[in-house]
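Everything below concerns the one structure shown next.
The values are calculated or read from the model by the stated rules, or taken from the named source; none is laboratory data. No experiment lies behind these values; they were computed from the predicted model shown. FYI the Cβ positions are ideal-geometry reconstructions off the backbone, even for glycines, and counts take in every protein chain you see.
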Number of protein chains: 2
Amino acid sequence: MQSMGDRPRFVLFGDSITEQSFRTGGWGAALADTYSRKADVVVRGYDGYNTRWALFLHNHLFPLSCSAPPAATTIFFGANDAALLGRTSERLHVPIEEYKENLRKIVYRLKECSPTMLVVLITPPPVDEDGRKEFAISLYGDKAMELPERTNETTGVYAKQCIELAKELQVPYIDLWSQMQETAGWQKMFLSDGLHLTPEGNAIVHREVVRVFREAHFRAEEMPYDFPHHSAISGDDPERAFLQKS
Amino acid sequence: MQSMGDRPRFVLFGDSITEQSFRTGGWGAALADTYSRKADVVVRGYDGYNTRWALFLHNHLFPLSCSAPPAATTIFFGANDAALLGRTSERLHVPIEEYKENLRKIVYRLKECSPTMLVVLITPPPVDEDGRKEFAISLYGDKAMELPERTNETTGVYAKQCIELAKELQVPYIDLWSQMQETAGWQKMFLSDGLHLTPEGNAIVHREVVRVFREAHFRAEEMPYDFPHHSAISGDDPERAFLQKS
């Protein structure tokens, strides 16, 4: 049993879609609220990062000597790895085989850090190429490149490798790329600039992460409070509730 | 200089208004976003708790042996302490003198935990008695008590003691009780049920916490990233950016 005041930690490791997950309607904040008083949600999202760069972080973020490793970690990369060579975001590009191997190294590291850690792989979301173009024009006007820096098709190839790896390693995954495209009008409904998430897009991620967490037995209603619920505290003898717990 | 991957922690210690601060539009989530990649926001909000009960927690939450104490902590109690005797929430009531002394103990504990910790006292928000009554009727119908369980006047007395203590101890404070009432229509604009915060009410708390944090030199734009911004990473030689940092 955990000691008083300790809570399991859920780490969100990823790129800008993770970094922005505490904005209004964000999936990270919603997850923190779902597990309110049960778990701490720690965001480690890095705008613009691909899996190659993530490898420079993961040993620091998940040290082997950690006395209290995260209970769960989401790994949510690929949107930058899938940026196309020869286009405006080519600096972010990581070849598909390397993407998969980098993800594998990250999963291995987390499992080495804690064999019982729940590790969840999340594919990049789909790309709305028109939305990306509009966004580029809003930033650069006439100077915006004609050709898209990301395509939905290529991002889909990365998503598939992410899923294949998850199956190989037998870790749960969320196929965001496919799931979002099941809804008509996903381009504007779920994506704000063709790549990042609207509140509705965030809601999908939140729903899916909670689903996978629950399947792995992180059900908020069954997890212990770190301290007693107020209804269990007697007005006359409050100490009793705290003594029972410790 | 902090080591890679470490970030200062900001702890939000309080009652339900803190616990709910990661809901959509919540001030806690907004604070996490303001200090994105610069600091971790840790929520320790306990629905229904008063300062008397908070004293059973604070030694656990702020152990003296802590190797990495929080860089800042907000203390946001009083809404429950100010519940009236003889009314439906009297179990939560704490006498005004004890409220002030309990707050003092909490501040002392935090300063003992870390003399350099920024400690910010936040008064309870004002109470909209009509809003509370409507809320009670929505829950209990005809059985709702005629007399309010909290009044704005009494909560104001608690707010004043909170401010007086902050001045005595020379710690910064946020006079939410007064500030909210400066805006016409505060009752419905800032409070959802006469006591808890609407997104607009959350925005006030967020704005004020950021203001006080900035005055204490926690300015997000001047705080270091834990890891390099992607624009500082070379596509050809990414390692360089990470070596420079460590």
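Take the residues in region A:11-38 that are hydrophobic (A, V, I, L, M, F, W, C) and over 17 Å from B:Pro199 (Cβ atoms); name whichever of them is farthest from the chain's Cα centre (by Cα).
Taking the candidates together, the pick is A:Leu31.
Test B:Gln179 against the criterion of being in contact (Cβ under 8 Å) with a residue 40 or more places away in the chain and farther than 30 Å from A:Asp15 by Cα, and give yes or no.
In short, no.
Among the candidates A:Arg207, A:Arg240, A:Arg214, which residue alone is within 14 Å of another protein chain (Cβ to nearest Cβ) and of a type in the set (Lys, Arg)?
It is A:Arg240.
Do we have A:Pro115 as out of contact with any helix residue (DSSP H, G or I) (no Cβ under 9 Å at 6 or more places or on another chain) and under 20 Å from A:Phe62 (Cα atoms) here?
Judged against the criteria, A:Pro115 is a match.
Could you tell me whether A:Ala32 is closer than 23 Å to B:Gly45 by Cα and free of Cβ contacts under 8 Å to residues at least 40 places away in the same chain?
yes
Considering region B:55-98 alone, what residues qualify as being hydroxyl-bearing (Ser, Thr, Tyr) and touching a residue at least 12 places away in the same chain (Cβ under 8 Å)?
Matches in region B:55-98: B:Thr73, B:Thr74, B:Thr88, B:Ser89.
Out of (1) at pLDDT 95 or above; (2) surrounded by fewer than 14 Cβ atoms within 10 Å (Cβ to Cβ), what's the single condition that is false for A:Ile174?
For A:Ile174, the exception is condition (2).
Among the residues of region A:219-237, what is the count of those that are within 10 Å of another protein chain (Cβ to nearest Cβ) and either touching a strand residue (DSSP E or B) at 6+ places or on another chain (Cβ under 7 Å) or among the charged types (D, E, K, R) (or both)?
Residues meeting the conditions: 2.
Taking B:Trp53 as meeting all but one of (1) at the interface with chain A (Cβ under 7 Å from one of its Cβ atoms); (2) surrounded by fewer than 20 Cβ atoms within 10 Å (Cβ to Cβ); (3) within 30 Å of B:Lys143 (Cβ to Cβ), write down the number of the exception.
Of (1) at the interface with chain A (Cβ under 7 Å from one of its Cβ atoms); (2) surrounded by fewer than 20 Cβ atoms within 10 Å (Cβ to Cβ); (3) within 30 Å of B:Lys143 (Cβ to Cβ), only one is false for B:Trp53: (2).
Given the criteria farther than 20 Å from B:Leu121 by Cβ, small (Gly, Ala, Ser) and away from every other protein chain (no Cβ under 14 Å), does B:Gly194 qualify?
yes
Of everything in region A:37-47 that's touching a residue at least 40 places away in the same chain (Cβ under 8 Å) and in contact with an Asp or Glu (Cβ under 9 Å, 6 or more places away or on another chain), which residue is nearest to the other protein chains (Cβ to nearest Cβ)?
If we take residues in region A:37-47 being touching a residue at least 40 places away in the same chain (Cβ under 8 Å) and in contact with an Asp or Glu (Cβ under 9 Å, 6 or more places away or on another chain), then A:Arg37 is nearest to the other protein chains (Cβ to nearest Cβ).
Any residue that is of a type in the set (A, V, I, L, M) and within 22 Å of A:Asp33 (Cα to Cα) - is there at least one of those in region A:154-166?
no
Among the residues of region A:221-246 satisfying the criterion of being in a loop (DSSP other than H, G, I, E, B) and in contact (Cβ under 8 Å) with a residue 40 or more places away in the chain, which is nearest to A:Ala72 (Cα to Cα)?
This residue is A:Met223.
I need the full set of residues from region A:54-103 which are over 22 Å from A:Lys160 (Cβ atoms) and among the aromatic types (Phe, Trp, Tyr), in order please.
Across region A:54-103, the qualifying residues are A:Phe56, A:Phe62.
Residue check, A:Pro126 against (1) closer than 25 Å to A:Val209 by Cα; (2) of a type outside the set (A, V, I, L, M, F, W, C); (3) outside any loop (DSSP other than H, G, I, E, B), all met but one. Which one?
(3)
List every residue pair whose Cβ atoms lie under 8 Å apart, where the two residues are 6 or more positions apart in sequence or sit on different chains, the first residue falls within region B:145-169 and is free of Cβ contacts under 8 Å to residues at least 60 places away in the same chain, and the second residue, located anywhere, is outside any helix (DSSP H, G or I) and among the acidic types (Asp, Glu).
As it stands, the answer is B:Asn152/B:Asp128; B:Ile163/B:Asp175, since those pairs meet every condition given.
Can you tell me which residue is modelled with the lowest pLDDT among those in region A:4-36 that are closer than 16 Å to A:Tyr225 by Cα and at the interface with another protein chain (Cβ under 8 Å from one of its Cβ atoms)?
Filtering region A:4-36 for residues that are closer than 16 Å to A:Tyr225 by Cα and at the interface with another protein chain (Cβ under 8 Å from one of its Cβ atoms), the one modelled with the lowest pLDDT comes out as A:Met4.
For the subset of region A:145-171 comprising residues that are buried (at least 19 other Cβ atoms within 10 Å of the Cβ) and at pLDDT below 95, which member is nearest to A:Phe213 (Cα to Cα)?
A:Arg150
If we scan region A:70-78, do we find a residue that is farther than 17 Å from A:Tyr108 by Cβ, more than 10 Å from chain B (Cβ to nearest Cβ), crowded, with 22+ Cβ neighbours inside 10 Å and at pLDDT 95 or above?
Yes - at least one qualifying residue is present in region A:70-78.
Which of (1) touching a residue at least 60 places away in the same chain (Cβ under 8 Å); (2) surrounded by fewer than 18 Cβ atoms within 10 Å (Cβ to Cβ) does B:Phe218 not meet, given it meets every other one?
For B:Phe218, the failing item is (2).
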